[in-house]
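Have a look at the structure below before the remarks.
The values are calculated or read from the model by the stated rules, or taken from the named source; none is laboratory data. Fair warning: this is a prediction, and the values are worked out from it, not measured in the lab. Here Cβ is always computed from backbone atoms with ideal geometry, including for glycine, and neighbour counts include all displayed protein chains. The area values use the complete protein model at the heavy-atom level, side chains included, leaving out ligands, DNA and RNA. Shrake-Rupley method; radii C 1.70, N 1.55, O 1.52, S 1.80 Å.
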Amino acid sequence: MYCDSDRTGMTVGTLKRAFLDNLHYIQGKDAYFATAYDYYMALAYTVRDRLVHRRIKTAQAYYEKDAKMVYYLSAEFLIGRLLLNNLINVGLYEQAKQAMADFGLDLTELMDREAEPGLGNGGLGRLAACFLDSLATLEIPAIGYGIRYEFGIFEQQISGGWQQEVPDNWLRFGNPWEIARPDYNVEVKFGGHTEAFTDAQGRYRVRWIAETTVFGTPYDTPVAGYKNNTVNTLRLWSARAGEDFNLQVFNAGDYTQAVANKTFSENISKVLYPADQTLQGKELRLRQQYFFVACSLQDIIRLYLRNHSTFEAFPDKAAIQLNDTHPSIGVAELMRLLIDEHQLNWDVAWDITQRTFAYTNHTLLSEALERWSVDLFGRLLPRHLEIIYEINYRFLNEIRLRYPGNTARLARMSLVEEGNGKQIRMAHLACVGSHTVNGVAELHTDLIKQELLRDFYEMYPEKFQNKTNGITPRRWLLLSNPQLATLITETLGSEHWVTHLDELQQLETQIENPTFQARWQAIKQSNKERLAEYIWRNNQIEVDPYSLFDVQIKRIHEYKRQHLCVLHIITLYEQIKANPAIDIQPRTFIFGGKAAPGYFMAKTIIKLINSVAEMVNHDPDVAGRIKVVFLNNYSVSLGEMAYPAADLSEQVSTAGKEASGTGNMKFALNGALTIGTLDGANVEIRQEAGPENFFLFGLTAQEVMSLKAEGYNPYDYYLSNPMLKKVIDSLISDYFNPREPGIFQPIVNSLLYHDEYMLLADYQSYVDCQAKAAAAFRDKTHWTKMSILNVARMGKFSSDRTIWEYCQDIWRVEPLSITLDVPQAPSPLTARV
Ligand code: 26V
């Protein structure tokens, strides 16, 4: 019955029957009334059936083999649209395309109806999504745990050049991929106080008398491995008011107050915080973090106890990864569960906790390091505060033993920051509670060891590891650049490279082959034309698809230096104005990215890009040679179109500030050359691609630190560089914003008098490097060769490689293959749930 039923069959014929069935019985529509959205839903349910079947088999195998599981805890999962991804991974794409064509439907158009789940801010959330894809593809037993935000990252509209935020009601029309599991609801407590008591065995115990309880309902989204039978789970928690809600109404009689309380509880999973890298210390955010961690740990323990009766083997069966500090309250929560709920003693509980958790750091920016005020913490999580104090007490004693009399070190390493308003340092908690701490690129890990967590590294050098980030080649090549993927498959003779990305190396044999070069160029050209059409439809800007596409898409942040690119654009513009007949490489500058709603400078940078665009795009002297485009509402889907269309990838952060970057990898894998600093994974990309195939500029991280220590004065650069002066003066004079004078003054002041991110120090080096890139672009053949070499040498940056390293060096887990033709599935009546 598993072979070709309407719910599992893989042929065009069964897909068509299943599709019609779902259209009829789930959407309740016939061909007279069905909309494109109904067709999308019917197809999505058809695909989901095929996944559900595999997911059940996968979960069965994990249970029966008592496999060690990876639990990836992340406040963000930026998974992107799922229809095409699932069709590809489960091996149904061609059949689905045919099936839809037989009905006169265009699969691409249906795919466009899917709302994108924007459950993340940027790099960190997207990394978690790439990791889920690789975990399933490598057949690793794993569950991703997070929050089912009702509103994802805001929709960005541009009005008068400024960013406007619009709520992202992504669940409005329903979500065909998720399955609610109210049967696995768990309870989460907040607030109240603690009481110590002695139990019947004479043991010292603490009970937490909470003020409120909230329920978490899990929603499961299947995560399909690439053409294997593994389907793992992404389990996202949604907050529901406690079940005593109705009772309270009866008893207290204050119906409206009770409803208000219900709404308050359910607010926990309402909205994703749209700030990355800046902390606001908001109570709701701490509630969110504790909520999903408490739900997940209960779930993990429930799963463990199905096969075990003591906690002895817990660290051998569960590897819990903390994606940044957002879930780091898990360290205190696991201690609480083991001690208060399961009556383990402190030392045993602490040993289990430390052997279970590992922590990934994603940022060196001090403003992005999470700290929670002790006041807030104590109010919301009184028992956890006690536990953290106890962890800290024992930890500080350890330091005193190792470094007697070193009070400065004690203050630096403490989990509690003293000073105006005590704060809990979550990075320290995560570090102390974990067996392994990792950075996300070699340079980043070095800086963690030497700067950010230097004291910790000195004490526990064996705890620290590097795990350079990666991206999934399924979404970031196969799905987003099908023409290039086809060329690669034809050239290498199979699609084995999709799961063994190192094999792209073999493309190097084609580097001198003119036919291959021509096909390579034609594919890039066709991707550029597609983006040009999108720009025309979306921005009403006509761009030359033969111009150099110079692309910077990522969150807007001062350290990422989008405004350095703007200084370059103005430089070119000034050169043209001074000599309109100048021979200049035509370029299209394409920007995209969201600014945190409260981040004034980032929002002003967006306005600056749009103001410069307005002037440059319409100046007859420019004669269309330079165009500037700001793509609104940058998202995973927009990235899928933009990366394959880029010639030049802008990775220009101040050295030492970008932990890794992953957009840099997406560009390079799609044949763009990089202009970049020695920051994050750029260093390793350049190493792999070869320095001759990478446009390097700017200070190194060491030079940045030395220059700062010496006393950096940006104003000197302004005075001594005439072109730089001219460029900055054009901003001072309101040339680009005549009707809104003064709006760019904050940017000018920041550059001239502080320049924390050292744009002026890197300006000349950047402009010179850009001139080299422009000259190189004019030699089409040589550029194409460099492009091919970049792709051929990006194998290292597959997230499969990254995940395999985590499995080997941190989690100690093994793959487990899933077979679908198990002769006998256990009867539903006898199977344990
Ligand atoms: C941090 C914070 C801290 C304050 C509260 C709000 C908030 C929200 C999100 C984050 C995460 C920021 C860290 C982050 O996204 N880091 C990025 O991680 C990528 C994956 O490792 C890496 O490639 C980027 O370089 C790094 O910026």
Name the pairs whose Cβ atoms lie under 7 Å apart, with the first residue in the stretch 352-368 and in a strand (DSSP E or B), the second within 9 Å of the ligand (Cβ to nearest atom) and open to solvent by less than 10 Å² (accessible area, probe 1.4 Å), and 6 or more positions between them or separate chains?
-> Thr360/Asn323; Thr360/Val440
Note down all Cβ pairs under 6 Å where the first residue falls in the stretch 510-532 and is under 14 Å from Thr486 (Cα atoms) and β-branched (Val, Ile, Thr), the second is in a helix (DSSP H, G or I) and open to solvent by less than 20 Å² (accessible area, probe 1.4 Å), and they're at least six residues apart or on different chains.
-> Ile523/Leu484
Hits in the stretch 5-48 (condition: closer than 23 Å to Val223 by Cα, among the polar types (S, T, N, Q) and either open to solvent by 50 Å² or more (accessible area, probe 1.4 Å) or free of Cβ contacts under 8 Å to residues at least 12 places away in the same chain (or both)) | Ser5, Thr11, Thr14
So Phe456 clears everything in (1) open to solvent by less than 10 Å² (accessible area, probe 1.4 Å); (2) within 23 Å of Thr802 (Cα to Cα); (3) more than 16 Å from the ligand (Cβ to nearest atom) except one condition, right? Which one?
-> (2)
Taking the options Gln354, Gln343, name whichever one is away from the ligand (no atom under 16 Å from the Cβ) and farther than 22 Å from Ala427 by Cβ.
-> Gln343
Examine the stretch 778-797 for a residue that is open to solvent by 10 Å² or more (accessible area, probe 1.4 Å) and β-branched (Val, Ile, Thr), and state whether such a residue exists.
-> yes
Which of (1) within 18 Å of Leu648 (Cα to Cα); (2) open to solvent by 20 Å² or more (accessible area, probe 1.4 Å); (3) within 16 Å of the ligand (Cβ to nearest atom); (4) touching a Ser or Thr at 6+ places or on another chain (Cβ under 7 Å) is the odd one out, the single condition Tyr599 does not satisfy?
-> (1)
Answer yes or no as to whether Ala260 is over 17 Å from Leu73 (Cα atoms), away from the ligand (no atom under 16 Å from the Cβ) and in a helix (DSSP H, G or I).
-> yes
Among the candidates Leu338, Leu376, which residue alone is open to solvent by less than 20 Å² (accessible area, probe 1.4 Å) and either within 15 Å of the ligand (Cβ to nearest atom) or in a strand (DSSP E or B) (or both)?
-> Leu376
Return only the number of the condition from (1) over 17 Å from Leu429 (Cα atoms); (2) of a type in the set (Asp, Glu); (3) at pLDDT 95 or above; (4) within 16 Å of the ligand (Cβ to nearest atom) that Glu283 does not satisfy.
-> (3)
Identity of the residue in the stretch 307-331, of a type in the set (Ser, Thr, Tyr) and away from the ligand (no atom under 16 Å from the Cβ), that ends up most open to solvent (accessible area, probe 1.4 Å) = Ser309
Only one of (1) away from the ligand (no atom under 14 Å from the Cβ); (2) touching a residue at least 60 places away in the same chain (Cβ under 8 Å) does not apply to Lys467, and that is (1)
Where in the stretch 162-220 are the strands (runs of 3 or more DSSP E), entirely inside, with at least 3 residues that are open to solvent by 40 Å² or more (accessible area, probe 1.4 Å)?
-> 162-166, 193-198, 204-209
State all residues of the stretch 699-726 that are of a type outside the set (Ser, Thr, Tyr) and under 35 Å from the mean Cα position of the chain (by Cα); if no residue qualifies, say none.
-> Leu699, Ala701, Gln702, Glu703, Val704, Met705, Leu707, Lys708, Ala709, Pro714
Just give me the residues in the stretch 1-41 being hydroxyl-bearing (Ser, Thr, Tyr), in a loop (DSSP other than H, G, I, E, B) and more than 21 Å from Gln95 (Cβ to Cβ), in sequence order.
-> Tyr32, Thr35
Working only within the stretch 649-697, note down all residues that are within 16 Å of the ligand (Cβ to nearest atom), in a loop (DSSP other than H, G, I, E, B) and not hydroxyl-bearing (Ser, Thr, Tyr).
-> Val652, Ala655, Gly656, Lys657, Glu658, Ala659, Gly661, Leu678, Asp679, Gly680, Ala681
Confirm whether Gln95 is open to solvent by 40 Å² or more (accessible area, probe 1.4 Å), touching a Leu at 6+ places or on another chain (Cβ under 7 Å) and on the phi < 0 side of the Ramachandran plot.
-> yes
Go through the stretch 78-125 and count every residue that is within 16 Å of the ligand (Cβ to nearest atom) and polar (S, T, N, Q).
-> 1
Unmet criterion (only one of (1) buried (at least 21 other Cβ atoms within 10 Å of the Cβ); (2) modelled with pLDDT under 95; (3) not small (Gly, Ala, Ser)) for Val259 = (1)
Pick out the one residue from Ile541, Ile569 that is more than 16 Å from the ligand (Cβ to nearest atom), modelled with pLDDT of 95 or more, aliphatic (A, V, I, L, M) and open to solvent by 10 Å² or more (accessible area, probe 1.4 Å).
-> Ile541
